[in-house]
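A.B. asks: I'd like to ask you about the structure that follows.
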Amino acid sequence: MPLQMNREVFITCAVTGSGGTQDKSPHVPRSPAQIAESAIDAAKSGAAIVHCHVRDPETGAPSRRLDLYREVTDRIRSAEVDVVLNLTAGMGGDIVFGSTEAPFPVNEKASDMIGATERMAHIRECLPEICTLDCGTMNFAEADYVMTNTPGMLRAMGSMMTELGVKPEIEAFDTGHLWFARQLVEEGTLASPALVQLCMGVPWGAPNDLNTFMAMVNAIPNDWSWSAFSLGRDQMPFVAASVLAGGNVRVGLEDNLFLEKGVLATNAQLVEKAAAVIEGMGARLIGPTEVRDRLDLTLGVPA
């Protein structure tokens, strides 16, 4: 595929993930009010999409509570700034095995495995324009933890997203995830053109070298939309790489805590820095209205 720079770029801000970053920076939001405020600030700084998890307001631990998702949704939608809402649907697929000599029984306290309908409960409740679909199973950083998304689970969740009119953002952590995403579209589980987020440098998925990155880019059908990100100090270099390769960008505290070496960032600051990189390359930032038109998004009305 010839290299063709994207001249009209949207930024996604991943406001707060499910990782153990809550005690590493005071800027990582915990409560629904903090998450919504940080998302709104990111939107004011140029983010067209905000990608949100929720956390226990007291401990900062990842949570699947419907009331927390509903509060975040309501606060963002009632704000004076417009932004596209993207909620995670990745929670509930975590298996932590026992020891290497005795993997069963699994570590029940650390594992979080639920069915497709329960994994989609907050999406059905809040009806965001976008929700994520982690399109494969992989070893994920820790020794005995597996992020589990079987073909059957993905077909079930993808069908629910399609029925609800919520656009799946296919999170691809390796080339096989894109292979299966194309299969989901081919069989009609997901609509075409699809939306992809390339997740680079997450141990032990696709490494974030440029050869692997371009292999991922070249595996995306030409009529699909895509973004990409990498972690930590590689977050901003991948802003430039994504735009140059024809894509959009993601930044935010889910993936990186620092504005520069030794300086902790806010989500708004990361968006502002990404916007400066994008505009410095001669591209134009597009906002939520243009993103909705480009991606054919439906603004849901929660029951």
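Values in this text are rule-based calculations from the coordinates and carry no lab data. Every value quoted in this text rests on a predicted model; they were computed, and no experiment measured them. For neighbour counting, all protein chains shown are included, and Cβ atoms are generated from backbone atoms with ideal geometry for every residue, glycine included.
A.B. asks: Can you compute the label reach from Thr298? Point 7 Å from Cα along the Cβ direction, backbone N cut-off under 17 Å, restricted to the stretch 218-235.
C.D. replies: none
A.B. asks: So, one more: List the residues whose amide H sits under 5 Å from the amide H of Ile170, counting only those 5 or more places along or on another chain, with H placed 1.01 Å from N in the peptide plane.
C.D. replies: The list, which skips near neighbours in sequence, is Leu133, Leu195, Val196, Gln197.
A.B. asks: Now a separate question. Find how much the distance from Leu3 to Asp23 grows on full extension, using 0.36 nm per residue of separation minus their present alpha carbon separation; answer in nm with one decimal.
C.D. replies: Length gained, Leu3 through Asp23: 3.1 nm.
A.B. asks: Cα to Cα, under 28 Å, and not fewer than 8 places away if on the same chain: which lysines meet these conditions relative to Lys167?
C.D. replies: Within the straight-line cut-off, Lys167 pairs with Lys44, Lys273.
A.B. asks: Per DSSP H run of at least 4 residues, take -39500 (n - 2.57); add these up for the chain, divide by its residues and hand me the 222 nm value, nearest 500 deg cm²/dmol.
C.D. replies: So the helix-based figure for the chain works out to -10000 deg cm²/dmol.
A.B. asks: Now for a separate question. Once you put a point 7 Å from the Cα of Glu260 and another 7 Å from the Cα of Leu244, both along the Cβ direction, what distance in nm separates them?
C.D. replies: Spacing of the two 7 Å Cα→Cβ label points: 2.1 nm.
A.B. asks: As an exercise, identify the trypsin sites (Lys or Arg not before Pro) in the stretch 200-303 lying in DSSP coil whose Cβ has no more than 13 other Cβ atoms within 10 Å.
C.D. replies: Of the trypsin sites (Lys or Arg not before Pro), the ones in loops of the stretch 200-303 whose Cβ has at most 13 other Cβ atoms within 10 Å are Lys261.
A.B. asks: Next up: Starting from the 7 Å offset along Cα-to-Cβ, what nm value, one decimal, do you get for the label separation of Trp204 and Glu108?
C.D. replies: Taking the two extended label points, one gets 2.8 nm.
A.B. asks: Cross-link candidates for Lys109: which lysines have Cα within less than 30 Å, leaving aside residues fewer than 8 places away along the same chain?
C.D. replies: Lys24
A.B. asks: With no solvent and one equal point scatterer per Cα, compute the Debye intensity ratio I(q)/I(0) for the chain at 0.15 Å⁻¹ and report its log10, rounded to two decimals.
C.D. replies: -1.23
A.B. asks: Ordered by residue, what ³J(HN,Hα) values in Hz, to whole numbers, does the stretch 87-100 give under the Karplus form 6.51 cos²θ - 1.76 cosθ + 1.60, where θ = phi - 60° and Gly and Pro are x?
C.D. replies: Working through the residues one at a time gives 9, 5, 10, x, 6, x, x, 10, 10, 10, 7, x, 6, 5 Hz.
A.B. asks: Here is a further query. What does the extension gain come out to for Trp179 and Asn139, with contour length at 0.36 nm per residue minus their alpha carbon separation?
C.D. replies: Result for the pair: 12.6 nm of gain on full extension.
A.B. asks: Can you give the % of DSSP beta bridges in the chain that are antiparallel, to the nearest 5?
C.D. replies: Counting DSSP beta bridges with both partners in the chain, the antiparallel share is about 25 percent.
A.B. asks: What nm value, rounded to one decimal, do you get for the distance between Arg233 and Ser159 when each label is placed 7 Å out toward the C-beta?
C.D. replies: Distance between label points: 4.8 nm.
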